[in-house]
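Participant: One structure, as structure tokens, below. Some questions next.
Every read-out reported here was derived from the displayed coordinates using simple, explicitly stated rules and does not represent laboratory data. Just so it is clear, the structure is predicted and the values come from calculations on it, not from any experiment. We place every Cβ from the backbone using ideal geometry, glycine too, and count neighbours over all the protein chains shown.
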Amino acid sequence: MTTAIRVQPGIMDIALYQGGASQIDGQADPLKLSSNENPFGASPKAAEAVADAALKLHRYPSTDHARLRQSIAEVHGLAPERIICGVGSDEILTLLAMAFAGPGDEVLYTEHGFSLYRIFALSAGATPVVAPETDRRVDVDALIAKITQATRLIYIANPANPTGTALDRVELTRLADAVPENCLLVLDGAYAEFFDGYDGGASLVTARANVVMTRTFSKLYGLGGLRVGWGYASRDIIDVLNRIRGPFNMSSVALSGAEAAVNDRRFVETCLTENAEQRARLVGGLRQLGIACDDSQANFVMARFADEDEALAADAHLKSVGILVRLVKGYGFPEALRITVGRAEDVTRVLDALANFKGAA
């Protein structure tokens, strides 16, 4: 780029995001467990709604997303006027940084937090600040200690990615109590549905004007390819975000698919039940093989090996038998692999492959 063109501060410090691998050389149809996708795909009702919407591609989509917001509100017991929809929850998280952080401000997150939090901060010209975790868990006291007069946003993924660990309501409330009124606590709930009994932070949002929660349709609902997410906050914050989002940010296809998906509760409950059962199998099987892992509240498990060399060798062995998982060195865990919870036969295949690996090691 010519030096005559000025790039905003922080932009060139952003490393390009790398998604989970989807192909293995020489493997025609690998088992993809690298991106925490729903192994059962999307609801058939969502697929049907998408097909119907595709017949009207010449029409502009709704700008207020009223039908989808109403469906989300009814399912979760929320106020529809306090909901905003976006192109994945990533867009909502980005808009929050654009609206409430800038040069001279700080954006706080934890050391193993979602890699995009740093990108959100830098793209807004703000300073990223990292708080340490303890035993692969968000450390509330460490976060509180990092809050300064310049802190404007605190991003917390709960459950966390890539660890799968989560804060309970007591700890979240203790954190929220310590956040200054001029700072937003953002609860990124991409995996909230998998944490049994967790409301994603909705009760904290209702009680406090400076707490925001976000959710996605990419994980539980199996709509990663449509890119749909939503956020819940005070009406004042939602009003600000609506002023800077694109008026046609969501396609009619995405809106129709998401509306059908959130309303198909039978499919959702089936997916949640299967995930809980197979997650327990995967955790138990890994531990029987001597592979450490924390209890996960998400749809994945982070398996920890003796060191980076063993993790790389395990990853290579899994690839050799057509299984894709995720190396998480970039998140600060060079010794670990993140494994999406699949169907029963998928979990069996992973455990058998790792048993062979451990036996041959």
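Participant: For region 59-71, what does the Karplus curve 6.51 cos²θ - 1.76 cosθ + 1.60, with θ = phi - 60°, yield as ³J(HN,Hα) per residue in whole Hz, taken in order and with x for Gly and Pro?
Facilitator: Couplings: 8, 5, x, 4, 8, 9, 6, 4, 5, 5, 4, 5, 5 Hz.
Participant: For region 196-224 and region 83-129, write down the distance between their C-alpha centroids in whole Å.
Facilitator: 17
Participant: What is the dipole size for the chain, taken about its Cα centre, with +1 at each Lys and Arg Cβ and -1 at each Asp and Glu Cβ, in debye to the nearest 20?
Facilitator: 740
Participant: Just the number, please: percent antiparallel of the DSSP beta bridges in the chain, rounded to the nearest 5.
Facilitator: Of all bridge pairs located within the chain, approximately 50 percent are antiparallel.
Participant: Can you tell me the Rg and Dmax of the chain, counting just the alpha carbons, in angstroms?
Facilitator: 20.6, 60
Participant: Taking only C-alpha pairs under 8 Å that are 6+ residues apart, what is the relative contact order of region 217-361 in percent?
Facilitator: In percent, rounded to a whole number, it is 19.
Participant: Something else: Between Gly104, His65, Ala209, whose Cα lies farthest towards the positive end of the dipole of region 44-263 when Lys and Arg beta carbons carry +1 and Asp and Glu beta carbons carry -1, centred on the Cα centre?
Facilitator: Comparing the listed Cα positions along the dipole, His65 ranks first.
Participant: Relative to the Cα centre, what is the charge dipole magnitude of region 48-91, using +1 at the beta carbon of each Lys and Arg, -1 at the beta carbon of each Asp and Glu, and rounding to the nearest 20 debye?
Facilitator: Here region 48-91 has a charge dipole of around 160 debye.
Participant: Among Ile92, Ala353, Leu312, which residue has its Cα furthest toward the positive end of the charge dipole of the chain, with +1 on Lys/Arg Cβ and -1 on Asp/Glu Cβ?
Facilitator: The Cα lying farthest towards the positive end belongs to Ile92.
Participant: Hey, could you get me the Stokes-Einstein D for region 255-315, Kirkwood radius over alpha-carbon pairs, 37 °C and 0.692 mPa s, rounded to whole µm² s⁻¹?
Facilitator: 239
Participant: Now a separate question. Going by the alpha-carbon gyration tensor, a ≥ b ≥ c the square roots of its eigenvalues, is region 143-252 rounded (a/c under 1.5) or, if a/c is not under 1.5, prolate (a/b greater than b/c) versus oblate?
Facilitator: Since a/c reaches 1.5 but b/c is at least a/b, the shape of region 143-252 is classed as oblate.
Participant: Enumerate the aspartates and glutamates that Lys358 could reach by cross-link, defined here as Cα to Cα under 13 Å, with residues fewer than 8 away along the same chain left out.
Facilitator: Those aspartates and glutamates meeting the cut-off are Glu310, Asp315.
Participant: Oh, and also: Of Thr63, Thr173, Thr110, Thr165, how do they rank once you tally other Cβ atoms within 10 Å and put the fewest first?
Facilitator: Thr63, Thr173, Thr165, Thr110
Participant: To continue, here is another question. If you wrap region 211-358's Cα atoms in a convex hull and average its projection over all directions, what's the area in nm²?
Facilitator: One quarter of the hull surface, i.e. the mean projection, equals 11.1 nm².
Participant: Could I ask something else about it? Sort 345-351, 295-301 by packing, meaning the average of other beta carbons within 10 Å per residue, with the highest value first.
Facilitator: Highest to lowest by the protection proxy: 295-301, 345-351.
Participant: Any idea how far the Cα center of region 268-316 sits from the one of region 236-266, in Å?
Facilitator: When both Cα centres are located, 33 Å separates them.
Participant: From Cα pairs below 8 angstrom and at least 6 apart in sequence, can you work out the relative contact order of the chain, rounded to a whole percent?
Facilitator: 23
Participant: Using Cα positions and a limit of under 20 Å, work out the lysines in reach of Lys219, with same-chain residues fewer than 8 apart set aside.
Facilitator: Once the sequence-local lysines are set aside, what remains near Lys219 is Lys32, Lys45.
Participant: When the helices in the chain are scored as -39500 (n - 2.57) per DSSP H run of 4 or longer and the sum is shared across all residues, what 222 nm value do you end up with, to the nearest 500 deg cm²/dmol?
Facilitator: Estimated from H runs of four or more residues: -12000 deg cm²/dmol.
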